[in-house]
Amino acid sequence: LDWLVFFLIEHEWRLKPLHRLILLSSAYQMSSSANAEGLALDPENDLFWRCDMRRLSAEEIRDSILAVNEQLNRKVGGPSVFPVIPREVLAGQSRPGSGWNVSAPPERVRRSIYIHIKRSLAVPLLENHDMADVDQTCPVRFNTTVPSQALGLLNSQFMNEQAAEFAKSVREDAGNDPREQVALTLARVTQRKPTTQQVERGLSLVNRLRDEHEMNEQQALKYFCLMALNLNEFVYLD
């Protein structure tokens, strides 16, 4: 840190050279991939021989979901927005729904930093994934891994609605070929070209949903999209 301070001073307090230096460093570009030798010598990664895998923050998860299915409204500025909160959550209030006026559809899908914060009523997806504590100052946010996160990402009204929108977008871009649909879904979620094996496994799941669970093509694709949005590769930075 002392060396970086001198570097900043030498470059006349300009942040761009400092950012370039950090981003182009080997330390910044390390992956989280481990090896047996490294794990044996430093299993906790105290010496930073690899990158620690990081789960996306609550806001990043929601925004990424909306971006993947091409629903994210990137408008900047303006008043807070009020997304839909399930009736079961609203029922926990002394006056259910009081003070929470649902915004118009285009506003509901704006970036999460614009969501109205009400201390007694948090958006479930954000609350489940460790949003900042709104009852007091929050200098540090911690990531937890608890069952309610997985249950919410699979079963919540928001996730199922977004999976349906995702499936609709995939059908429009990939056509009616299930293989192309699977490949495009995985490519959007992981931001890379999926392997042949991954496409085959995805196609197998779609076929099982249709054959064993008697779903039509649209339903099967929706649930495949829901599964893809729950992949660790989507929720965690490698």
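Some values worked out for this structure:
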read-out	value
Net lengthening on full extension, N232/L56 (0.36 nm per residue, minus Cα-Cα)	62.3 nm
Exposed-site-free run, longest, the chain (rule: trypsin sites (Lys or Arg not before Pro); DSSP loop; at most 15 other C-beta within 10 Å)	15-73
Where labels lie 7 Å past Cα in the beta-carbon direction, separation of S120 and Q198 in nm	4.6
Computed [θ] at 222 nm, helices only, for the chain once each DSSP H run of length n ≥ 4 contributes -39500 (n - 2.57)	-14500 deg cm²/dmol
Paramagnetic reach from S80 (point 7 Å along Cα→Cβ, amide N under 13 Å) across segment 100-133	100-103, 113-123
Identified option (computed percent of Cα pairs over 25 Å apart; candidates [x] 63; [y] 56; [z] 51)	[y]
Per DSSP, loop GluC sites (Glu not before Pro) in segment 1-84 with at most 13 further Cβ within 10 Å	E12, E44
Total formal charge among the other residues, if their Cβ is under 15 angstrom from that of N69, Lys/Arg +1 and Asp/Glu -1	+3
Rel. contact order, % - alpha carbon contacts under 8 angstrom, at least six apart, the chain	20
Longest DSSP-loop-exposure-free segment, chymotrypsin sites (Phe, Trp or Tyr not before Pro), the chain, at most 10 other Cβ within 10 Å	143-238
GluC sites (Glu not before Pro) within segment 185-214, DSSP loop, no more than 15 other Cβ atoms inside 10 Å	E212, E214
Gain on full stretching of the segment that runs from A67 to W49 - 0.36 nm per residue minus C-alpha separation	3.3 nm
Protein accessible area in the chain, 1.4 Å probe - carbon and sulfur %	54
Average accessible area per residue (Å²) across the chain - probe 1.4 Å, nucleic acids and ligands excluded	65
Length-normalised contact order of segment 39-109 in % [C-alpha pairs under 8 Å, at least 6 apart]	30
Simple label model, 7 Å out from Cα along Cβ direction - W13 to A36, nm	5.4
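The values are calculated or read from the model by the stated rules, or taken from the named source; none is laboratory data. Source: prediction; values computed, not measured. Every residue, glycine as well, gets a Cβ built from its backbone with ideal geometry; the counts of neighbours run over all protein chains shown. Just the protein is used for accessible areas: all its heavy atoms, side chains included, with ligands, DNA and RNA removed. Shrake-Rupley method; radii C 1.70, N 1.55, O 1.52, S 1.80 Å.
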